[in-house]
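Reading through the structure tokens given below for one structure.
The values are calculated or read from the model by the stated rules, or taken from the named source; none is laboratory data. Please read these numbers as outputs of a predicted model, since none were measured by experiment. We place every Cβ from the backbone using ideal geometry, glycine too, and count neighbours over all the protein chains shown.
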Amino acid sequence: MDTPELSYNTSMERTVTYSPAYTLVPTYECFNRCTYCNFRRDPGADEWMSLATARDVLERLQAEEVIEILILSGEVHPHSPRRAAWFQHIYHLCELALELGFLPHTNVGPLSYAEMEKLREVNVSMGLMVEQVTPKLLETVHAHAPSKRPDLRLQQLDFAGELKIPFTTGLLLGLGETTQDWADSLSAIAQAHHKWHHIQEVILQPHQPGHSQAETRPACQGPTLLQAIHLARKILPADITLQIPPNLVLQDLALLDCLRAGARDLGGIGPIDEVNPHYDHRHRNALIELLQTQGWTLRRRLPVYEKYDAWLPNKLKTAVKKWRG
């Protein structure tokens, strides 16, 4: 397997990146019932987004600065009679995004090897949060979430590596886990990356209470979040970028502290954070001004890092090349 060059570019240490993104949600229905979720609807209670509606949305976005189309979906059970139609719909949405000049990135829950192999044809990168590898959460916040089994989440990292899919993963912080659980989860991600060299970013996503979750938990913020960032930077290989969702870090000074601790990416910034809809993103100009006060530069990026371009199918290489530079 060809391995991308591994390096940590110290000249970029004063640069913070983000992806100009828009999220398409094929369906909010999900068979998991995580107690902290502000996204899901019950299976059968949500109408799937049609391709015609998606086309209307994407055509309007062509006049805006959007590069990444994040396909983010609730999960249809792997044994559901509708699973094949759900998967095909996701594939067609990715095709449509490519047709209209965007770069798709899909995050729709655990997939089979065959499903990932198929989606590789129409995605420049993909993602799935490991969340936490401790099985203890299966007795609490994930008690009714079968696809949150740690072995399933980690299997996705290996599938992606074997298929040479540039991948984003990460941890959810503040679900009742311990600092040792963070270390175990980060070590598992590092181990997969050492084997496959395919993980672009690790997201450290702090919990913030929402208005529609089944169980209200306290926010993860301040020293707790900084401790997680320091630990991640210590455990993860240097060529993995640490990402912090800026809308979940509510205070400007706290966000700057995250950058000083080792975060270097702000993820996809768009109109709505579908997973955390009660927390708006700062306007890009406000972010630029905030970062400039400390000598940071905000730079847009593609949803695939340049060192992984060679891994892409030819059709995707052509699509990416139009955005480079």
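A compact table of results
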{"quantity": "Residue within segment 277-289 that is under 27 Å from VAL57 (Cα atoms), touching a strand residue (DSSP E or B) at 6+ places or on another chain (Cβ under 6 Å) and assigned to a strand (DSSP E or B) present", "calculated": "no"}
{"quantity": "VAL122 vs. criteria aliphatic (A, V, I, L, M), more than 30 Å from THR178 (Cα to Cα), surrounded by fewer than 21 Cβ atoms within 10 Å (Cβ to Cβ) and touching a strand residue (DSSP E or B) at 6+ places or on another chain (Cβ under 8 Å)", "calculated": "no"}
{"quantity": "Count of residues meeting criterion [crowded, with 20+ Cβ neighbours inside 10 Å and closer than 27 Å to PRO277 by Cα] in segment 175-219", "calculated": "15"}
{"quantity": "Unique match (being within 23 Å of ILE229 (Cβ to Cβ) and under 20 Å from the mean Cα position of the chain (by Cα)) among LEU316, LEU259, LEU253", "calculated": "LEU259"}
{"quantity": "Selection from segment 19-48 of residues that are among the aliphatic types (A, V, I, L, M) and more than 21 Å from the chain's Cα centre (by Cα)", "calculated": "ALA45"}
{"quantity": "Filter result for GLN205 (in a strand (DSSP E or B) and not aliphatic (A, V, I, L, M))", "calculated": "yes"}
{"quantity": "Residue that is surrounded by the most Cβ atoms within 10 Å (Cβ to Cβ), among those in segment 254-268 that are part of a strand (DSSP E or B) and in contact with a Pro (Cβ under 7 Å, 6 or more places away or on another chain)", "calculated": "LEU266"}
{"quantity": "Strands (runs of 3 or more DSSP E) enclosed by segment 49-154 - at least 1 residues per element that are small (Gly, Ala, Ser) and within 16 Å of the chain's Cα centre (by Cα)", "calculated": "125-127"}
{"quantity": "Where a residue in segment 113-135 is in contact (Cβ under 8 Å) with a residue 40 or more places away in the chain and closer than 20 Å to ARG149 by Cβ and its partner, wherever it lies, is in a loop (DSSP other than H, G, I, E, B) and among the polar types (S, T, N, Q), with Cβ under 9 Å and at least six apart", "calculated": "THR134/THR178"}
{"quantity": "Check on VAL76, at pLDDT 95 or above, more than 22 Å from ILE272 (Cα to Cα) and buried (at least 20 other Cβ atoms within 10 Å of the Cβ)", "calculated": "yes"}
{"quantity": "Segment 293-319, subset farther than 20 Å from GLU201 by Cβ and of a type in the set (Ser, Thr, Tyr), residue surrounded by the fewest Cβ atoms within 10 Å (Cβ to Cβ)", "calculated": "THR293"}
{"quantity": "Test: residue in segment 26-48 that is closer than 24 Å to ASP265 by Cα, in a loop (DSSP other than H, G, I, E, B) and of a type in the set (D, E, K, R)", "calculated": "no"}
